[in-house]
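Structure, as C-alpha cells:
The values are calculated or read from the model by the stated rules, or taken from the named source; none is laboratory data. As the structure is a computational prediction, the values presented were derived from the model and not from experiment. Methodologically, a virtual Cβ is constructed for each residue, glycine included, from the backbone with ideal geometry; neighbour enumeration extends over all protein chains shown. Please note that ligands, DNA and RNA were not included when accessible areas were found on the heavy atoms of the full protein model with its side chains. Shrake-Rupley method; radii C 1.70, N 1.55, O 1.52, S 1.80 Å.
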Amino acid sequence: MSTSRPDFMQQALAEAKAAGARGEVPVGAVLVRDGKVLAAAGNRTRELNDVTAHAEILVIRRASEELGNERLAACDLYVTLEPCTLCAAAISFARIRRLYYGAADPKTGGVDHGVRFFAAAACHHAPEVYSGLGEAAASELLRTFFRARR
C-alpha cells in the first residue's frame, strides 16, 4: 500500500476552490510523478464550453504534453471527487498508477459507484485506488457550491 501525500490533495482542493469561484463545479486534480507536480487544474467545462474539460482530463492532457507520451504509468492522480465514467476511462487509458480521491460520488461516480469502470471487462488497466483523502473538505466544498445554487 502506498502512502499518499496530503499536500498534493491540498493542491487539488485549492484547484477545486478556484473552479467553484469561476462558477464551475468545484473539482480539482493534481497529477504527480516522482514527487513532482506535472499538472494541476480545476473543472473548466463552462469556461471552455467543453463537456470533457473535467479537472482529471485537463491534467492528463497537460502531463501527456509535458512528457511527450500519452502513457502516464509512473504517475499518481489526486482528485477531490470520485471520477465519473469518462474520467475513469481516461485514467485507465493513460495507465495512471494510483488514484487518490476525496469525496465519493454515489450519483455519477464511475470508480466505486455507478458502472465501476475499473472492475469492468472492458477495462485494460486499473490503477490502485485510495478513497477518502481530504473527503470532509471536498464534500463541504461541493455542498456549499450546490446549496448556493438551489
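For Y130, the test of being of a type in the set (F, W, Y), buried (at least 16 other Cβ atoms within 10 Å of the Cβ) and touching a helix residue (DSSP H, G or I) at 6+ places or on another chain (Cβ under 7 Å) is failed. Taking the criterion of being in contact (Cβ under 8 Å) with a residue 12 or more places away in the chain and small (G, A, S), the residues of region 22-59 that qualify are G23, G28, A29, G35, A39, A40, A41, G42, A55. Among helices (runs of 4 or more DSSP H) entirely within region 6-101, having at least 3 residues that are open to solvent by less than 50 Å² (accessible area, probe 1.4 Å) singles out 6-21, 55-67, 85-93.
The number of residues in region 102-146 being part of a helix (DSSP H, G or I), touching a strand residue (DSSP E or B) at 6+ places or on another chain (Cβ under 8 Å) and either of a type outside the set (D, E) or over 19 Å from L13 (Cβ atoms) (or both) comes to 6. Does Y78 count as among the aromatic types (F, W, Y), without any contact (Cβ under 8 Å) to a residue 60 or more places away in the chain and under 21 Å from A136 (Cβ atoms)? Criteria not met by Y78. Among the residues of region 102-125, those that are without any contact (Cβ under 8 Å) to a residue 40 or more places away in the chain, in contact with a helix residue (DSSP H, G or I) (Cβ under 7 Å, 6 or more places away or on another chain) and surrounded by 18 or more Cβ atoms within 10 Å (Cβ to Cβ) comprise A103, G110, V111, F117, F118.
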